[in-house]
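Colleague: Got a structure for you, written out below as structure tokens; questions coming shortly.
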Amino acid sequence: MSETPLLQVEDLRVSYQGRVGPVPAVRGISFTLGRERLGIVGESGSGKSTIGRAILGLLPNNATVTARQLRLHDVDLLHASKRALRDIRGRRISMVLQDPKFSLNPVMTVGRQIAESYRVHRSASATEARRKTLEMLDAVRIDNPERVYDLYPHEVSGGMGQRVMIAMMLIPEPELLIADEPTSALDVTVQAQLLVLINELIARRGMGLILISHNLNLVASFCDRVVVMYAGRVMETCKAAELDRAQHPYTKGLLACRPLIDRAQPELPQLARDPSWLDGPVAA
């Protein structure tokens, strides 16, 4: 990790206003990120995606966000104006979501959407934006970029749609990419291809990556560090290569619940939860 962190998150807390009062979703999360690959794992509802949206200022109006520090280099993300955040989104921080069909505009060709992302952040001409878009489509290994440029989202496969999303998020050349379950809707072969592609692009551009996932095996093999979350808190942080040697009972429980392919299992173990975990460590 670089000496000066790319992203600093200290005591981040997020709650949503419910019918009977605030409902905590993130409870005092702290971590730093350099130009590295950080995985965030945990059960559904543990607060993983909320962290990504809090960093970008994309939470709904009923969310309350506080932190001692939420900073991208020299920018205080927590207190930045709406205009400043609009400039940061895409240009300095991009986010790839789980399913492209919910993120791409169905009535615009994919080429126009990628080009628009470039023009908004780089004030480029239409000609330059088209050239850069074709280069980016080629960079994400889409065959015949000229043809794909003029296709609509419903005319591309799931794997190609996800490549289009990656191209759109990376064309402004951000410093940080947040990938929220970017391959979960794809088959295993396409997942592997996309992860190799993401890895090559972030390495070439010297970016930081936050990979949000349920897939422990994927995170262990792909990331540099792993943050394990439960009920809005950090249970454990470790090197990704050492995830199988994790110490916290929750992490051990998650690992034990993985299905085995080398021998038969009558049933998968059930994860036992301890209420005291909510009072556990918060720093990562």
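Every number here is computed from the coordinates shown, using simple stated rules; none is lab data. Predicted, not measured: the structure shown is a model, and the values here were computed from it. Reconstructed Cβ throughout: ideal geometry from the backbone, glycine too, with neighbour counts over all protein chains shown.
Colleague: Quick check: residue separation of ARG205 and ASP224 times 0.36 nm, minus the Cα distance between them. What number comes out in nm?
Modeller: Extending this stretch completely gives an extra 5.2 nm.
Colleague: Name the residues of segment 169-209 whose amide N is less than 20 Å from a point 7 angstrom out from the Cα of THR4 along the C-beta direction?
Modeller: Residues 173-177, 205-209 qualify, since their backbone N sits under 20 Å from the label point.
Colleague: Can you pull out the GluC sites (Glu not before Pro) in segment 160-246 whose DSSP state is coil and whose Cβ has at most 11 other Cβ atoms within 10 Å?
Modeller: Nothing satisfies the criteria.
Colleague: Note down, for the chain, the three equivalent ellipsoid semi-axes (square root of 5 times each alpha carbon gyration tensor eigenvalue), biggest first, whole angstrom.
Modeller: 32, 24, 17
Colleague: Using the 10 angstrom Cβ neighbour count as an exposure proxy, how do TYR118, TYR149 rank, fewest first?
Modeller: TYR149, TYR118
Colleague: How big is the Cα convex hull of segment 53-134 in projection, averaged over all directions, in nm²?
Modeller: Over all viewing directions, segment 53-134 projects a mean Cα-hull area of 7.0 nm².
Colleague: If you don't mind, there's one more thing I want to ask. Can you give me the distance in nm between label points at HIS214 and ARG245, each placed 7 Å from the Cα along the Cα-to-Cβ direction?
Modeller: Between HIS214 and ARG245, the label points sit 3.0 nm apart.
Colleague: Here's another thing I want to ask about it. How would CYS223, CYS257 line up from fewest to most surrounding beta-carbon atoms within 10 angstrom?
Modeller: CYS257, CYS223
Colleague: For the chain, give me the percentage of DSSP beta bridges that are antiparallel, rounded to the nearest 5 percent.
Modeller: 55
Colleague: Still on this structure, please answer the following. Would you give the gap between the C-alpha center of segment 208-284 and the C-alpha center of segment 35-83, rounded to a whole Å?
Modeller: When both Cα centres are located, 21 Å separates them.
Colleague: Report the trypsin sites (Lys or Arg not before Pro) located in segment 132-229 that are in a DSSP loop and have at most 16 other Cβ atoms inside 10 Å of their Cβ, or state none.
Modeller: Listed in order of number, the matching sites are ARG141.
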